[in-house]
Each structure stands twice: as structure tokens, then as C-alpha cells.
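Since the structure comes first, as C-alpha cells, the remarks are kept for the end.
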């Protein structure tokens with residue numbers, strides 16, 4: 001859905017696991033942008049109607065880019081920056097509280 | 001007290017406030033949620049690829065100078081820090097690296113900035129529909145553009161600016177759809193003499209228009225009844241223009257109807273606000289040095305009212321000077337000498353606003369969306385439902401929470417608040433200022449329970465989660 005423009009300086013790449021799938025992205029980027037460039041269009045399904053949602057504002061205001069990162073749910077993907085080995089799960093519906101977390 | 005001055009937000013206003021505060025000898029700390037300074041307008045300016053910087057233009061690189069000055073000024077700058085509460089006694093609670101902490105100072109400058117005005121149209125919740133600002137953030141942060149066909153729709157200087165930047169980056173802009181209704185230009189002409197004082201902005205606008213015209217993509221004017229069509233993601237934008245229904249196939253729809261102050265923190269603090277009818281947004285009531293209705297709490301920049309990035313610099317410095325004066329660190333003569341040129345600079349920057357605000361006033365489609373349109377995205381409440389609630393006796397936004405969960409989702413009313421206020425106002429026949437806004441409570445964003453538990457045991461110290 002997004003692609004890098006050509007001719008920019010190369011960045012060090014890191015590997016994420018998105019829904020178990022290995023995805024290679026430039027280090028330090030916002031996760032939302034990394035996912036958009038990896039072709040992920042829908043980040044979650046809403047609790048109310050299971051409607052597909054993706055990022056809208058990319059600046060931490062809309063809360064539509066919520067994903068699960070390294071086991072933490074409801075993380076704004078636009079506000080977290082990729083690290084090598086980061087585990088990302090997309091969210092379907094509301095989260096349940098986990099007292100053991 | 002841990003500091004003399006706490007600055008919240010590292011955009012142009014916050015950077016200026018912190019730099020000025022530190023230069024005046026105030027023990028200053030700057031807190032910001034992002035990993036690097038710049039706010040949104042100068043986002044990632046400190047790591048910008050030179051080719052990207054050239055594409056984004058010299059205005060963007062101004063942020064680099066501000067960031068450098070911040071870096072050198074000696075203020076304690078803490079990034080990746082979420083301010084999730086500010087108490088009436090000015091205790092600031094932040095979360096960083098999973099640890100919660102509290103700071104306190106007699107003077108705070110909140111420079112929390114702006115956000116895009118919501119552009120509610122049917123289909124706007126589909127993946128692939130974003131704000132024009134989001135596309136600019138993608139350029140700044142990742143040097144990335146939408147891969148397929150892009151349609152830009154709305155009214156506002158950012159619409160043309162982003163169109164130009166996307167074109168320069170090699171993206172496929174399929175159409176620009178302008179929603180400003182007939183008569184806006186005529187109405188705006190009244191303010192042109194005032195705007196001429198800020199002629200560089202007008203010149204920049206003319207250059208952007210020329211670029212967009214030269215690119216030759218279809219441009220539609222006075223478009224109405226916009227809707228995004230698609231099943232699982234955006235597939236096309238449909239609208240009425242030139243007397244008929246138009247359809248532009250697109251993978252990405254970028255909407256923009258101006259920016260408005262982000263009032264989460266100012267509402268949390270129950271500061272006095274007024275509804276401004278020329279910007280169709282809430283403004284925070286402040287004096288000339290950012291002092292709000294809460295003593296010691298100052299604001300600066302677009303978080304007060306939209307005046308732009310250059311005005312934000314002057315505004316931030318004025319707030320820091322006000323803080324220093326209030327702390328007795330600056331005598332009256334020095335205060336007058338230093339604030340006068342900044343106040344003049346701020347006044348010049350403000351001259352363009354009446355022209356821009358009139359020219360780009362959002363159309364009724366956007367401020368009073370059709371019944372079927374979702375306005376509360378989080379809880380999926382439609383405009384029609386909000387109108388129905390008003391007819392059932394709902395007097396203001398806070399009551400919509402009881403009637404329907406409108407405003408109770410994760411965004412805490414950030415996106416829907418302005419639209420809900422205006423919808424209720426129109427339905428109730430009251431001015432928006434009388435209808436009010438969502439009451440905001442801490443935490444400003446969700447925080448882990450562990451952060452709260454540790455705070456209760458050890459108030460006033462840094463805590464591990």
C-alpha cells in the first residue's frame with residue numbers, strides 16, 4: 001500500500017514477525033509505516049462491527065492503528081518504532097484483560 | 001518542585017519555549033512522546049535524508065535549526081515520554097520506558113499542537129483513507145508514498161502542499177478534489193489586504209497552484225456529497241461536481257479540511273476555551289504570554305489556536321519569557337525589550353489567518369455530515385444517531401456518552417469531539433460554545449495498571465512498572 005521512494009540512503013534493515021510471517025523493514029521506522037510498506041492494509045477489526053481498519057492519522061490521535069506488539073495489546077503502531085525480532089499480531093475485536101500478563 | 005519550567009511537546013512552540021527558558025537560566029525539562037524533536041510539522045527533521053529534505057522544501061529544514069538550538073541549550077530533554085496526567089497543582093505525570101514518574105514546577109508551558117480536523121464522509125473509515133497530513137508523515141518518517149492511485153480531497157493549504165510533495169516524490173496523484181463551496185474566494189478577498197503583509201505565504205500558495213496545474217491531473221472544484229467506495233479498503237472516491245456524479249478510482253484517499261488545536265490536555269485541565277467561528281474550532285483563552293485560566297499553566301503554539309509553525313516559535317518564546325517574569329527571574333524592562341519583537345512577529349504571522357480561514361472554511365458536508373456517516377469512529381456512532389440523541393433530550397457531548405457510547409472509545413473524543421459539538425449545536429439551535437465539549441479525564445492515553453499501582457505506593461518518585 002505504501003512504497004519507499006527511490007534514491008534515498010540505505011538504512012539498516014531489521015526483521016519483524018507479523019502474524020508469524022517474517023517481514024524485513026528499515027530499522028527505527030514507526031511500526032505503522034513498516035506494516036503499510038509490507039502490504040498490510042487492515043490492521044484490526046473493530047469491536048463493534050468487525051469492520052476492517054487501518055491507520056488514518058499516523059500521529060497518535062485516531063487510535064485506528066492498534067496492534068499487539070510483543071504480547072502487549074492495543075499499541076498504537078504509529079507511536080512505536082521497529083526493533084529486530086519484534087512480534088506483531090493484528091487484532092480482531094476487543095481485547096480481553098489477561099491477569100497473568 | 002523538581003524544575004522551574006516544564007515544557008510539554010517538542011514541536012516548534014515547545015522547542016522555542018524550552019530553549020528560551022534554559023537561556024534565561026530556568027531549570028527546564030522538555031517532555032515529548034516522540035523519539036526525536038520536531039512535533040508533527042518538523043517530524044524526523046533531525047534524521048532527514050538530504051534528498052527528502054530537498055523534496056519537502058526549506059520550510060521543513062527550519063526545524064533542524066530549532067532542534068539544534070534545543071540540543072545545545074542545556075534543558076533536560078526527555079523523549080519517548082507520554083505525559084498522561086497534569087494535575088491542577090501542576091504536577092505532571094509521565095511514563096517512559098515502562099516507568100512512571102512525577103515532576104512539578106511552578107510554571108508549565110503546554111505546547112501540545114494541532115491535529116487534522118475530522119473529515120467525516122461515508123466510507124472514511126475504510127483502510128486506505130487517511131489524512132493528507134498522514135501522507136506527509138509517511139514522507140518525513142519513512143520516505144514512503146502510497147503505492148497506487150491517490151486522490152486528494154478537501155480544502156486547505158495542506159491539500160495542495162501534499163499534492164506537490166507527492167508529485168515530486170513520484171507518486172501517482174489521480175485527481176485533486178476541492179470541496180470549498182462557491183463564494184469562498186470572493187469572501188476571502190475582503191481579507192486579502194491584511195494577508196498581503198504575510199506575502200511569502202501567498203507566493204508559496206501561488207507556486208503550489210502552478211505546480212498542480214502543470215502536472216495536469218484532473219482537478220474538481222466545489223465538489224460535494226463525497227463518499228469513499230470500497231468493500232474491505234478504499235477503491236474509489238465518488239462525489240458531485242460539474243453538475244453530475246463523478247468517480248475517481250483510487251487505492252488511497254487523502255482527506256484534508258484544515259487543522260484544529262488538539263485540546264485533550266487543555267480540556268483535562270478544565271481551562272477556559274472559546275468556540276471560534278472563523279476557524280470552527282475551540283481556542284484556549286490565554287493572555288499575550290500564554291497564561292491560561294489556570295495560574296502557572298501557559299500554552300504556546302497551535303495548541304491555543306491555529307497560527308502556524310512560525311507563529312509557534314514566537315509564541316513558545318513569549319510563554320517562556322512570561323514564565324521567567326512570573327518567577328522573578330526577569331525585570332520589567334528586560335521583559336518588555338525581549339517580548340516586543342516577538343509579539344510583533346506573532347502579529348505578522350496572524351495577518352494571513354482571516355484570509356486562509358475564510359478561503360478554506362470547511363463545507364457543511366464536513367461540519368454537518370449526512371446521517372449515514374460514522375462520526376465516532378471508535379464506537380461506530382453515526383451522525384444520524386447523534387442528531388437523534390439531541391432530539392431525545394441530549395444537551396451536550398458528555399450526555400452522548402450515556403446515550404450511546406459516542407466519545408467513549410480509545411481516541412477519547414479526539415477525532416469526533418468537534419463534529420459532535422457542531423452536530424448537537426445545529427440540532428439544538430444553540431451556538432457550539434454553549435453546547436460544550438467532551439470532558440476529558442486522565443490518563444490522556446491508556447497506561448498499564450502497573451504504572452498506576454507503583455505510583456500509589458511511592459508518590460513523587462520515579463517508579464518501575
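Only the coordinates and a few stated rules stand behind these numbers; no lab work does. Remember, predicted model here, so these are calculated numbers, not experimental data. Every residue, glycine among them, receives a Cβ derived from its backbone with ideal geometry; neighbour counts consider all protein chains shown.
Could you tell me whether the protein assembly as shown comes out rounded, prolate or oblate from its Cα gyration tensor? Rule is a ≥ b ≥ c as square roots of the eigenvalues, rounded for a/c under 1.5, then prolate if a/b exceeds b/c, otherwise oblate.
rounded
For the range B:314-465, what value does the Rg/Rh ratio take when both radii are computed over Cα atoms and Rh is the Kirkwood radius, given to two decimals?
Ratio of gyration radius to Kirkwood radius: 1.13.
Taking the number of other C-beta atoms within 10 Å as the exposure measure, put B:256, B:71 in order starting with the fewest.
B:71, B:256
Can you compute the modelled spin-label distance between residue B:347 and residue B:189, with each label point 7 Å from Cα toward Cβ, in nm?
For the pair residue B:347/residue B:189, the computed spacing is 2.9 nm.
In the P(r) worked out for chain A, what percent of Cα pairs fall beyond 24 Å?
Here the tail beyond 24 Å accounts for 20 percent of pairs.
May I ask what percent, to the nearest 5, of DSSP beta bridges between residues of the range B:14-166 are antiparallel?
Bridges in the range B:14-166 are about 75 percent antiparallel.
In Å³ and rounded to a whole number, note down the convex hull volume per residue for the Cα atoms of the range B:23-69.
80 Å³
Could you give the alpha-carbon Rg of the range B:78-150 over 2.2 N^0.38 Å, rounded to two decimals?
1.60
Quick check: from the Cα gyration tensor, does the range A:37-78 come out rounded (a/c under 1.5), prolate or oblate? List each step's numbers first, then the result.
Working: a/c = 1.22, a/b = 1.09, b/c = 1.12.
Because its axes are fairly even, with a/c under 1.5, the range A:37-78 counts as rounded.
For a test of the definition: using alpha carbon positions, the gyration tensor, and the 1.5 limit on a/c, classify the range B:284-354 as rounded, prolate or oblate.
Oblate shape, in that a/c is at least 1.5 and b/c is the bigger or equal ratio.
Taking the 0 to 90 degree range and rounding to the nearest ten, how far is the long axis of helix B:157-168 tilted relative to the main principal axis of chain B, both from C-alpha atoms?
Rounded to the nearest ten degrees, it is 80.
If packing is taken as the average count of other Cβ atoms within 10 Å, what order do B:373-380, B:284-291, B:337-344 fall into, highest mean first?
My ranking of the peptides, most packed first, is B:373-380, B:284-291, B:337-344.
How much FRET efficiency would the formula 1/(1 + (r/R0)^6) give for residue A:89 and residue B:332, where r is the Cβ-Cβ distance and R0 is 56 Å, rounded to 0.05?
0.40
Taking the number of other C-beta atoms within 10 Å as the exposure measure, put B:1, A:79 in order starting with the fewest. Write down the numbers at each step before the final one.
On the way: B:1 12, A:79 19.
The most exposed by this proxy come first: B:1, A:79.
Ratio of alpha-carbon Rg to the 2.2 N^0.38 Å globular estimate for chain B, to two decimals, please.
0.97
Enter the angle in degrees (range 0 to 90, nearest 10) between the Cα long axis of helix B:309-326 and the first principal axis of the Cα atoms of chain B, meaning the one along which they spread out most.
So the helix axis and the longest Cα principal axis differ by about 20 degrees.
Averaged over its residues, how many other protein chain Cβ atoms are within 10 Å of peptide A:48-54's Cβ atoms?
Per-residue shielding by partner chains comes out at 6.
Other chains near B:128-134: what is the mean number of their Cβ atoms within 10 Å of each residue's Cβ?
Mean inter-chain Cβ contacts per residue within 10 Å come to 6.
Which whole number gives the average count of other chain Cβ atoms within 10 Å of the Cβ atoms across peptide B:276-283?
Averaged over the peptide's residues, the number is 0.
Which FRET efficiency value, to the nearest 0.05, is calculated for residue A:10 and residue B:61 with the Förster distance at 22 angstrom and r the Cβ-Cβ distance?
About 0.50, to the nearest 0.05.
Take every DSSP beta bridge with both residues inside chain B and express the antiparallel ones as a percent of the total, to the nearest 5.
Rounded to the nearest five, the antiparallel share is 50 percent.
So, in nm, how far is label residue B:204 from label residue B:80 when the simple model puts each one 7 Å beyond its Cα toward the Cβ?
The two pseudo-label positions are separated by 3.3 nm.
May I ask what percent, to the nearest 5, of DSSP beta bridges between residues of the protein assembly as shown are antiparallel? Kindly include the intermediate steps, with their values, before the conclusion.
Details: 48 of 82 bridges.
The antiparallel proportion sits near 60 percent.
Divide by every residue of the protein assembly as shown the summed helix terms, -39500 (n - 2.57) for each DSSP H run of at least 4, and state the resulting mean residue ellipticity at 222 nm, rounded to the nearest 500 deg cm²/dmol. If you can, show how the numbers build up before the last one.
Numbers: 19 runs with 186 residues, N = 566.
Calculated at 222 nm, the ellipticity per residue is -9500 deg cm²/dmol.
Spin-label point model (7 Å from Cα, Cβ direction): what's the residue B:72 to residue B:245 distance in nm?
6.1 nm
Nearest 10 degrees is fine. How inclined is helix B:417-428 to the longest principal axis of chain B, computing both from alpha carbons?
60 degrees
Going by how many other Cβ atoms sit within 10 Å of their own, how do B:27, B:445, B:221 line up, fewest first?
Arranged by neighbour count, lowest to highest, B:27, B:445, B:221 become B:221, B:27, B:445.
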